[in-house]
Amino acid sequence: MPDSLSFFTQRFFRSYLIGQNNYGKNTLTSYRDTFKLLLRYLKAHAAKKKQISLTSVDKDCVLSFLDWLQSERHNTATTRNIRLAHMKSFYSFVRESAPEFANHCEGIMKIPFTKIVTRPPAYLTESEVGHLLDAVDTETREGVRHLAMLTLLYDSGCRVQELIDLKVSDIRFGPGRRIFAHGKGDKYREIAILPETETLLRKYIEIYKPGSCDLLFINHSGNQLTRQGVRYILKKYAKTVRLNTPRELDGAVYPHLLRHSKATHLVNHGINIYNVRDFLGHVSVKTTEIYLTGNPEVTRKAIEQVSSKTVPDSIDFYTPDEKQGLEEFLDTII
């Protein structure tokens, strides 16, 4: 079997990522970018030959590549870990398909991930979402389109790629109103939508008249919307909100922020975390739990609810003499 990085990389993409796992476009793009960056690094720092061998990319080489991503390209620790995860996945594939390289692969697969301080996801308050949607002028044709798009993005908690992939036939109007979103892993999930969202979508379809099998939202050129296009629309109205209501929307506003916001609002209103998981299309509830652990308001409410059931309201724990003695004791501490 040839010792060629190109040979194994092509097999990895065609046989494993596409053939076995059927990864979506965005995931494949992320893997592709990792290997393009690796080749750029090798050409600049290591490889002088036209054909790069698999074994020339060893543990030390990968570590230097990861350091280069952070120092030269200013990648965050999160991005560095994503690139490393791609490399580990690749060398796991190589180890399974070519056991003679097992020792070489093990060295790379043992590289530890960079520790990251986990922060709760940013989100907009319900008031901020309201201001954002109110900023759209629905007296215009374009305004109806934008409001339908942004309202659906928030109400459904869709990923932006799921939104731009939606077809008119993916919407079910009437009783049981819902959309069928084509999500990660080539899976569809049903998402219930509010009557107000249904009304907006009906109005939008009536004005723009897309066919049943057509994409629901397209750009001015008649082509599929891009993620950058949706981001541009969202930023446009965020700017309007900041001009009219300066205290709102302090941070950056981007499409995925609406998904985080919807999830946070559901948790704040006491929706079961497993229902939120299914709503968002997460494979594991551990992914969804960040909306619980990162929200002190939910914790506070839970503590108060438990305390109200166990602690009587009107017990005087100390007699006047005991209370005076406790206060004198506390005064002696500092």
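Within segment 122-143, is even one residue touching a residue at least 12 places away in the same chain (Cβ under 8 Å), assigned by TED's automatic domain parsing to the domain that holds Arg247, outside any loop (DSSP other than H, G, I, E, B) and closer than 26 Å to Asn26 by Cα?
For segment 122-143, residues touching a residue at least 12 places away in the same chain (Cβ under 8 Å), assigned by TED's automatic domain parsing to the domain that holds Arg247, outside any loop (DSSP other than H, G, I, E, B) and closer than 26 Å to Asn26 by Cα: absent.
So Ile193 ticks every box in (1) out of contact with any Lys or Arg (no Cβ under 6 Å at 6 or more places or on another chain); (2) surrounded by 14 or more Cβ atoms within 10 Å (Cβ to Cβ); (3) in the same structural domain as Glu248 (by TED's automatic domain parsing) but one. Which box is left unticked?
(1)
Just to confirm my filter: which helices (runs of 4 or more DSSP H) fall fully inside segment 1-119 and include at least 1 residues that are under 30 Å from Asp186 (Cβ atoms), of a type in the set (Lys, Arg) and in contact with a helix residue (DSSP H, G or I) (Cβ under 9 Å, 6 or more places away or on another chain)? Before the answer, list the steps.
On the way: elements: 5-11, 25-45, 59-71, 77-97, 102-109.
Passing ranges, in order: 5-11, 25-45, 77-97.
Would you mind stating whether Arg259 is under 16 Å from Arg189 (Cα atoms), of a type outside the set (S, T, N, Q), without any contact (Cβ under 8 Å) to a residue 60 or more places away in the chain and outside any loop (DSSP other than H, G, I, E, B)? Working first, answer last.
On the way: under 16 Å from Arg189 (Cα atoms): yes; of a type outside the set (S, T, N, Q): yes; without any contact (Cβ under 8 Å) to a residue 60 or more places away in the chain: no; outside any loop (DSSP other than H, G, I, E, B): yes.
Against the criterion (under 16 Å from Arg189 (Cα atoms), of a type outside the set (S, T, N, Q), without any contact (Cβ under 8 Å) to a residue 60 or more places away in the chain and outside any loop (DSSP other than H, G, I, E, B)), Arg259 does not qualify.
Give me the pairs, please: first residue somewhere in segment 191-208 and touching a residue at least 60 places away in the same chain (Cβ under 8 Å), second residue anywhere and among the aromatic types (Phe, Trp, Tyr), beta-carbon distance under 7 Å, and either six or more positions apart or on two chains.
These pairs meet every condition: Ile191/Phe279.
Quick one: how many residues across segment 60-81 are within 18 Å of Gly107 (Cα to Cα) and surrounded by fewer than 16 Cβ atoms within 10 Å (Cβ to Cβ)? So that I can check it myself, show each step before the final result.
Filtering segment 60-81 for residues within 18 Å of Gly107 (Cα to Cα) gives 60-67, 80-81.
Imposing the further condition that a residue be surrounded by fewer than 16 Cβ atoms within 10 Å (Cβ to Cβ) reduces the set to 60, 63-64, 67.
The number of residues fulfilling the criteria is 4.
Rundown of residues vs (1) among the acidic types (Asp, Glu); (2) farther than 30 Å from His282 by Cβ; (3) not in a strand (DSSP E or B), yes/no style:
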position: Phe180; (1), (2), (3): no, no, no
position: Glu190; (1), (2), (3): yes, no, no
position: Thr199; (1), (2), (3): no, no, yes
position: Tyr204; (1), (2), (3): no, no, yes
position: Ile207; (1), (2), (3): no, yes, yes
position: Gly222; (1), (2), (3): no, yes, yes
position: Leu243; (1), (2), (3): no, yes, yes
position: Asp250; (1), (2), (3): yes, no, yes
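Kindly provide the set of residues from segment 158-173 that are within 15 Å of Glu196 (Cα to Cα) and surrounded by 17 or more Cβ atoms within 10 Å (Cβ to Cβ), ordered by number. Working first, answer last.
If we filter segment 158-173 for residues that are within 15 Å of Glu196 (Cα to Cα), which is where we start, we get 171-173.
If the condition is that a residue be within 15 Å of Glu196 (Cα to Cα) and surrounded by 17 or more Cβ atoms within 10 Å (Cβ to Cβ), then Ile171 is the only one that fits.
The values are calculated or read from the model by the stated rules, or taken from the named source; none is laboratory data. The model shown is predicted, which means the values in this text are computed figures rather than measured ones. Reconstructed Cβ throughout: ideal geometry from the backbone, glycine too, with neighbour counts over all protein chains shown.
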